[in-house]
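Single-structure report; data block below.
Computed from the coordinates by the stated procedures, all read-outs in this text should not be read as laboratory data. The model shown is predicted, which means the values in this text are computed figures rather than measured ones.
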Amino acid sequence: MESCYCNLEVEVNGDETFMVDKAIIAQYSSKLARLFGKSSGPSGKLKVIFHDFPGGAEGFELMLKFCYNNGSIDMNSSNLLQAHCAAEYMEMKDSVLGVPNLLEQTEKSLEEISYWRWSELLVALKQCQNLSTVLDYYSNSMMLEKCMDTIVGRMFLASEASPCPSTCSTDSSSGGVRFSCDSKSTESIKTSSFSSRPCWWFEDLVFLNPVLVEMLVRSMITRKLEHGLISRFLMYYQKARFSSTIDVSEKIKILEMVIDMHYDMEYYHNSTIPFKTLFGILRISLSLNISKSCRHKLEAMIGSNLDQATLDNLLVPSPYGISYLYDVKLVLKFLKAFLRRGGGVVAPTRMKKVASLIDLYIAEIAPDPSLRPSKFLALATAIPDSARDSYDELYHAMDMYLEVHGQLSEEEKLKICCGLNYDKLSPQACIHLSQNPKFPSKSAVQALISQQSKLKNLIQSTPATSPLLNGSSPPFCFTNVNAQKGNKDKSNDQVVLYSSTGDFDASSDNERLKAHLQGMQWRVMELEKICKKMQTQMAKITKSKVPPNSYARSLPKLCS
């Protein structure tokens, strides 16, 4: 665009060059007026280079039209954002000859944005998408904020309003927003603020980049739009964008934005994110190198709701380069987050559910020959002792692990057995352990001592006048009530004293029982002596080629 005084050359963003009259432009632009002073005479040609003009050559040309048409310009939804940003960039804040400046005119037009049709709002958002400079330098622009607020307002009204029998549309009118239903109109959904489907706007907003989606979602949260609907939109957006041809870096940006928004909803707005959604995000993130902070946020969200997980959820394959089959380290992070949530105070019912789940997980990974003892033990001891009523499941998992890892030293086996609470093993499990050659002899002794202690406590807590000690009875018999009834629940094993014939003499039978306990103590002492002998003879095993388990197999005979 040229005039009779084309004394200023303007290069815009390295794309296009304009020859203009600096006097005309300077009277509307405070930026150029400061640059050239008040002189407007043709004192030689000058050149100005703009590297970051919003909207590029198109935006600059729109600004020139305003200047050369004496402050008159036709503004609509497709150019209002460009004109507004150009006016801010060029500092067009002063009126000339009584004509409102460009910034004032754009702001006045912006006041009517609430009357725009849905399609016009989408056009304005596309302008935000296209003007990368706007995102970089004018992200707090009133134009952008008003556009976002208006769109979210339409969504909120749609979610609150009663659904129309058909698709509904709004009309642009100076009197306000009117609603109409037209079942024959295929365009009504696109220009509508209401629809019978709560997710009617999902597809319309897929074109937005992650920066604008984040701004939009934060506005939704502020307007208290339903968090479940926001989560569905984020997952829809992620899936739709991933199905298109975008590079890995763009996928990472999208996924990190999705994680950040879910994290904000859960931790700062007390929202509950569906566990299925979180694990869906986790599966996608495994193939992408997302940032550590986002990965930690995702692990924290999953871990805090670990009681909702299933065994299949936890069986996540190990990362590339890790020898063991499943990602045990990831599950340990989940556990840490679960125990840390709520200041470390977890409801007992939730804790027991997680303990049961972890026992299933340990049993599943126990046969893995590449699983290190330290990882196995870390899992076994991560759950507080109070969360387990019985350690039988953990014992059976240890049995499988030692079966596969027969090459472990006695010291390593003892460390693994540190995860057991022998007092919470059923009598059947203790007997099995004492006869199990895969376990170290010290563990067998510990199991017998634990059972002996239980028996002592039972006798001491049984008063001489107990109904159990009256009536007809043979010498003491010990039986498992649950086993007799066919009850498979091993967590409620009971030892019952009973007699069936003859009178019962409490004093004489107590003496007989004490003698029996003394005999058990003697056998335990003998076992301890054998353990010491075994330790001194272990050095000879390699030379004599005697299988080390041959000594352990003698334990059942001593315990019989």
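Residues whose amide H comes within less than 5 Å of that of Y326, counting only those at least five positions distant or on another chain, are S318 (H built at 1.01 Å from N in the peptide plane). Would you mind checking the pairs K375/K413; K93/K126; K352/K456; K297/K352; K415/K454 and listing those with alpha carbons more than 22 angstrom apart? Correct reply: K93/K126; K352/K456; K297/K352; K415/K454.
Translational diffusion of region 66-121 was estimated from the Stokes-Einstein equation, with Rh taken as the Kirkwood radius over Cα pairs; at 10 °C and 1.306 mPa s the coefficient is 135 µm²/s.
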